[in-house]
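Reviewing the structure listed below.
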């Protein structure tokens, strides 16, 4: 479910929450739609920005930070807001929480606990500690934006791809960006099949079995892959898809098919689903570039079905 944690205990062990110190918010989050979860992320980011601005006005972003003890009570109240907003962001964004960008925040926010705050307030150290918390929040927010940028660039989607393929790959990218990796992989596999179908139709590839010709674009994904593995380029005598690529295509096909069954993808890690999705899109792009190269012609567009 998006980037939510599998359990509150997992969130607690990785984030060490000070403000969200009970399971209630986690249980509520699990019942929310992805749209609602994204709204909570946006709200948390806005609250972090507001709290940071308030601390900046108090001089905690100055170098060195302004040391005015009359403002410490207000500063503590703002830091509590900062702590809650940051923890809520990490509650809804496990990937960010597990990144290096959240490390300093997860440790520095402990200063907002009353026992720590009172101890540090007895010395000038409190001003440096609050300033460090602000810096940790800046790093956290930057990490969030870095993830946004990397997600938009993760899949190499060529604008020249067929429209149906672009639609599938963009949807796969969007699903990855909100942590729905298994479904993203399923959709990317659909896009790969659509790419093969489009190429087969564009090249008028047919599969011949017992004297009957069937357009390859209407064949099953399995037969389509086998047919591509038997096509050869004119003048090169090279296969359009070599044996290793055929094996990879069948692997991606099996992953795609497995994703359509409820229990099939449960043992696969999210990271591997992301990586396989990337390989799927790259494979489609490689085939597209090769088959649309100017002057590229096939020895024959007829393939005799000699596989089982």
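The values are calculated or read from the model by the stated rules, or taken from the named source; none is laboratory data. For clarity, every value in this text was computed on a predicted model and none was experimentally measured. Note: ideal-geometry Cβ built from the backbone for every residue, glycine included; neighbour counts use all protein chains shown.
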Checklist outcome for this item: Note on segment 281-295: residues more than 15 Å from residue 242 (Cβ to Cβ) and surrounded by 15 or more Cβ atoms within 10 Å (Cβ to Cβ) are 281, 284, 285, 288
Checklist outcome for this item: Checked segment 135-156 for anything crowded, with 20+ Cβ neighbours inside 10 Å and farther than 16 Å from residue 41 by Cα; matches are 136, 155
Checklist entry - For segment 90-107, how many residues are more than 16 Å from the chain's Cα centre (by Cα) and surrounded by 22 or more Cβ atoms within 10 Å (Cβ to Cβ)? => result 3
Checklist entry - Residues in segment 36-47: is at least one modelled with pLDDT under 95, more than 25 Å from residue 115 (Cα to Cα) and more than 22 Å from the chain's Cα centre (by Cα)? => result no
